[in-house]
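Read the structure below first, then the notes.
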Amino acid sequence: MSNAIALFLGIIQGLTEFLPVSSSGHLILFQRIFGLPEDILLFTILLHVATLLAVVIVFRKTIWNLIKNPFNKMNYCLVLSTIITCVFVLLFREVMESAFNYRVLPITFMLTAIILFGVTMLDDKNNKNPRPESAQNNDTVTPFTKGGISYPSAMAVGFTQFLAVIPGLSRSGTTISTLMATGVKRETAAEYSFLMSIPIIIASLVFEVINSGGAPMDVQPLPLTIAFIAAFVSGIFAIKFMLKIIKNVKLWWFSIYLVLLSIVTLFVL
């Protein structure tokens, strides 16, 4: 793997992990374009570690507060979401991985676009019928209680995070959309989705190391280092960018990109 390809894939991983466009779908797509094997375990692990560190850096204060106060509703919701995701992954991962491969990318990219467009329409409808002012005044200033994270929301988003195992179905896109559909405010939905990625990335890394039958790809230290740094830096940028724009930008804008990408993949794959 050349340094240029490593840099490019690192940037792609960092950006698409946190933007609602599917990092797995993009990596599979560009691996095939560049003629790389799909099972590049060491490279994939390092990219995921980089994006994991990006989340930890951006949310370090929030994470520290959650650690200092373990017995709170947010931690319970995060645990609940993670357990549901892990249970379904363990039960159905083999079936999903055998049934869904790179050939589904045109369909799953389009499906993600439809989900984002649909939740935007729902959000617009809800904004036209805001809650009474008295109910709004009862909200606290804590971002995680302000958006109405509930146990049903945590259960629903845990299941949709499992569905994002399918290549091309965006984890951040489906989880943010699920939370918004259950009444959670945009900013809170994005923050919860990113925090929820921490335990699931750790769990997936452990699972890949223990259960993967493929040998790591022979990649030189320099390309690995370049890819790691690129994924880490672009991941931080993507998180901050998403948290900033989600307050004012409609998710359906990402749908336009995904529709175009879906069409492109029909001719590339």
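Other residues within the sphere of radius under 13 Å centred on the Cβ of Lys61, judged by their own Cβ, net out at +1 (K and R +1, D and E -1).
Using the Cβ-Cβ distance between Ile263 and Phe71 with R0 set to 45 Å, the FRET efficiency from 1/(1 + (r/R0)^6) comes to roughly 0.35. How charged is the neighbourhood of Ile236? Take every other residue with its Cβ under 13 Å from the Cβ of Ile236, and add Lys/Arg as +1 and Asp/Glu as -1. Local net charge: +2. With R₀ set to 22 Å, the beta-carbon distance separating Lys61 from Phe237 gives a calculated FRET efficiency near 0.75. All Cα-Cα distances of the range 145-197, cut into 10 Å bins from zero to the largest, leave 30, 58, 11, 0 percent in each bin in turn.
The accessible-area ordering, largest first, of the residues Glu187, Glu208 stands as Glu187, Glu208, per a 1.4 angstrom probe.
For the range 215-269, which whole-number percentage of the solvent-accessible area (1.4 Å probe, protein heavy atoms only) is attributable to carbon and sulfur atoms? The value for the range 215-269 is 75 percent carbon and sulfur by accessible area.
Overall shape: prolate for the range 56-116, with the ratio a/c of the largest to smallest alpha carbon gyration tensor axis at 1.5 or above and a/b above b/c.
Would you list Phe228, Phe241 from the most to the least accessible area, probe 1.4 Å?
Correct descending sequence by accessible area is Phe241, Phe228.
Accessible area per residue (1.4 Å probe, heavy atoms of protein chains only) ranks Met1, Met242 as Met1, Met242, with the largest value leading.
The values are calculated or read from the model by the stated rules, or taken from the named source; none is laboratory data. Predicted model only: the values in this text are computed from it and were never measured. Positions of Cβ are backbone-derived with ideal geometry, glycine not excepted, and every protein chain shown enters the neighbour counts. Surface accessibility is based on the protein's heavy atoms, side chains included, excluding ligands, DNA and RNA. Shrake-Rupley method; radii C 1.70, N 1.55, O 1.52, S 1.80 Å.
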